Amino acid sequence: KRVALLISGGGSNMVSLAQSMTGDHPARPALVVSNRPNAGGLAKAEEMGIDTALVDHRPFGQDRAAFERDLNRTLEQVDPDIICMAGFMRVLTPVFIDRWAGRMLNIHPSLLPKYRGLHTHARALEAGDAEHGCSVHEVTAELDGGPLLGQARIKVEDKDTPETLAARVLEWEHKLYPAVLRRFAEGDRSLLLMP
Ligand code: GRF
């Protein structure tokens, strides 16, 4: 199975996913696409020998449909079986999501359905949550709202700041996402809970 990975920044999740697709894993990374030209993940993908593409969203301004037409043309060149959004920070329209329905995953740094959207770690601390974590879900038109495929749960420590919490959650993202991708590639959509 061919996997396209969408990034906007450092791409640490993309790296973890790409590194996991070896040996008897049924999937391989086919393309890394960034919407930002200076995304650090582009260089990391090139170092790993993965083809990369840039679909810069800025020239399109608010014309999301035009950006997504460009993104689709780029994706259709590799015709991916699975698309993994990995730190991809653009909201996609229902048109794009319907085009890839059932084949698109995303990782979100919260225990969904809690804290959809941004600043999840600060919001969990603000709420005094004892636990926090990350979720992998199928992407549907509802932002951060699709069927859950995996969750990793961690304890919030008294001394945690948004930064220390984000760092610990990110370590678990790098464990959860590859495990969920492998199951998904094997046709298993049951919920995976970690640890
Ligand atoms: C991280 O905050 C992660 O929680 C979220 O996207 C951000 C960047 O991730 N999924 P990455 O290092 O670009 O994969």
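Values as computed for the structure displayed
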quantity: With every protein chain in place, segment 21-135: carbon and sulfur % of accessible area (1.4 Å); calculated: 52 percent
quantity: Per residue accessible area in Å² of the chain, where ligands, DNA and RNA are left out and the probe is 1.4 Å; calculated: 47 Å²
quantity: Spacing of the two label points (7 Å from each Cα toward its C-beta) at Ala130 and Thr93, in nm; calculated: 4.6 nm
quantity: Solvent-accessible area of Val33 with every protein chain in place, 1.4 Å probe, in Å² to the nearest 10; calculated: 0 Å²
quantity: Filtered GluC sites (Glu not before Pro), segment 83-167: DSSP coil and at most 14 other beta carbons within 10 Å; calculated: Glu142, Glu157
quantity: Under 20 Å from the Ala101 label point (7 Å along Cα→beta-carbon), backbone N, segment 126-162; calculated: 137-149
quantity: Accessible area, probe 1.4 Å, largest first, for residues Asp188, Asp98, Asp160; calculated: Asp98, Asp188, Asp160
quantity: Segment 103-146 - convex hull of the alpha-carbon atoms, volume per residue in Å³; calculated: 54 Å³
quantity: Translational D in µm²/s for the chain (Stokes-Einstein at 20 °C, 1.002 mPa s, Kirkwood Rh from C-alpha pairs); calculated: 127 µm²/s
quantity: Pairwise centroid distance, computed over Cα atoms, of segment 117-132 with segment 145-195, Å; calculated: 15 Å
quantity: Fraction of alpha-carbon pairs over 15 Å apart in segment 117-195 - percent; calculated: 57 percent
quantity: Entries of Lys1/Lys175; Lys1/Lys114; Lys44/Lys155; Lys1/Lys155; Lys44/Lys175 with Cα pairs more than 26 Å apart; calculated: Lys1/Lys114; Lys44/Lys155; Lys1/Lys155
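The values are calculated or read from the model by the stated rules, or taken from the named source; none is laboratory data. Bear in mind that the values here come from a model prediction, so they are computed numbers and not experimental data. So basically every Cβ, Gly included, is an ideal-geometry build from the backbone, and we count neighbours across all protein chains shown. Note: areas computed on protein heavy atoms with side chains; ligands, DNA, RNA excluded. Shrake-Rupley method; radii C 1.70, N 1.55, O 1.52, S 1.80 Å.
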